[in-house]
Amino acid sequence: MQEQESSSHAVRLDIWLWAARFFRTRSLAKQAVETGKVDVGGQRAKSSRAVRVGDVLAIARGDEAYEIEVRGISDQRGPAPVAQALYVESEASRLRREAAVAQRRAERTGYQAPQSKPDKRARRLIRALGDIDAM
């Protein structure tokens with residue numbers, strides 16, 4: 001019953017982004033919209049813009065970019081499965097995100113964090129690397 005009621009009205013964009021769990025707080029969602037990281041239908045939007053079922057959003061969050069279609073409207077933040085039911089991500093967007101994650105993972109291979117803190121001699125060598133004339 002509540003789902004039918006919620007699909008008949010519109011909600012502010014920043015509230016919907018918060019309820020769909022794209023951003024941790026509403027103020028972060030509002031800041032993302034104001035800085036142009038969220039497009040609605042290919043155009044920049046204000047945080048007070050009404051989101052309706054069927055709208056297409058492009059969301060840039062950190063290194064990830066989402067292209068989604070709004071499937072449900074909610075102004076309350078709920079559990080993750082409920083939030084994921086509010087939108088559908090396009091297949092191309094999902095594949096791009098997975099490829100970017102795989103590339104970042106591949107760039108990290110081969111890196112091993114040091115076992116311990118550098119000792120006095122190692123710190124001097126590290127400092128000397130910064131100053132070529134010291135060698």
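The values are calculated or read from the model by the stated rules, or taken from the named source; none is laboratory data. This is a predicted model, so every value here is computed, not measured. Methodologically, a virtual Cβ is constructed for each residue, glycine included, from the backbone with ideal geometry; neighbour enumeration extends over all protein chains shown. When the accessible area is computed, the model is the full protein with side chains, heavy atoms only, and any ligands, DNA or RNA have been set aside. Shrake-Rupley method; radii C 1.70, N 1.55, O 1.52, S 1.80 Å.
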Checklist outcome for this item: When every residue in segment 20-32 that is of a type in the set (Gly, Ala, Ser) and surrounded by 14 or more Cβ atoms within 10 Å (Cβ to Cβ) is compared, the one nearest to residue 88 (Cα to Cα) is 20
Item to check | Tally, over segment 33-56, of residues that are surrounded by 17 or more Cβ atoms within 10 Å (Cβ to Cβ) and either touching a strand residue (DSSP E or B) at 6+ places or on another chain (Cβ under 8 Å) or hydroxyl-bearing (Ser, Thr, Tyr) (or both) | outcome: 8
Checklist outcome for this item: Across segment 75-122, the tally of residues that are aromatic (Phe, Trp, Tyr) and open to solvent by 60 Å² or more (accessible area, probe 1.4 Å) stands at 1
Next on the checklist: For segment 34-71: of the residues being within 16 Å of the chain's Cα centre (by Cα) and not in a strand (DSSP E or B), which is nearest to residue 91 (Cα to Cα)?
Outcome noted: 63
